[in-house]
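Structure first, then comments.
The values are calculated or read from the model by the stated rules, or taken from the named source; none is laboratory data. The shown structure was predicted, so the numbers you read here are calculated from the model rather than taken from an experiment. Cβ sites come from the backbone with ideal geometry, for glycine too, and all protein chains shown count toward neighbours. To get the accessible areas, we keep the full protein, side chains included, count just its heavy atoms, and leave off ligands, DNA and RNA. Shrake-Rupley method; radii C 1.70, N 1.55, O 1.52, S 1.80 Å.
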Amino acid sequence: TEIEPRLDAQVHYSFFDRRQKGRTDLARAMLHHAFEKYGFRRFSVEVPLFVSSMTTKFITEVGFRREGRKRSKAVYKGQWFDVLCYGLLREELDYGR
């Protein structure tokens, strides 16, 4: 979402079985494909603080780097939460891990 052609796109992922273990290489391969096919310069991820810490662990294992925090950006069950912002530049994607 929030696609800026050849520049940036907001990345979302869902594993419907909620398992992330062993899927880092799959996520990197999908990002590599999107970088190559669509010519993006970077990808961005926003993670609300109400999600599991396993989500942020997975994102950093894929290669995203934390870039900042947006205060009170997401609401969940009537409560406001901060959102952590992550980015991944084309040259930072580690294809060999």
Among the residues of region 47-62, what is the count of those that are over 17 Å from D82 (Cα atoms) and either among the aromatic types (F, W, Y) or in contact with a Pro (Cβ under 7 Å, 6 or more places away or on another chain) (or both)?
1
Within region 69-84, is there a residue that is under 23 Å from L7 (Cα atoms), under 16 Å from the mean Cα position of the chain (by Cα) and open to solvent by less than 20 Å² (accessible area, probe 1.4 Å)?
yes
With (1) under 13 Å from R90 (Cβ atoms); (2) surrounded by fewer than 16 Cβ atoms within 10 Å (Cβ to Cβ) as the list, and R28 as the residue in question, which single condition is left unmet?
(2)
Out of (1) surrounded by 12 or more Cβ atoms within 10 Å (Cβ to Cβ); (2) of a type outside the set (F, W, Y); (3) farther than 17 Å from A9 by Cα, the one S53 does not meet is (1)
Among the strands (runs of 3 or more DSSP E) confined wholly to the chain, which include 1 or more residues that are among the β-branched types (V, I, T) and at pLDDT 90 or above?
42-48, 65-76, 79-89
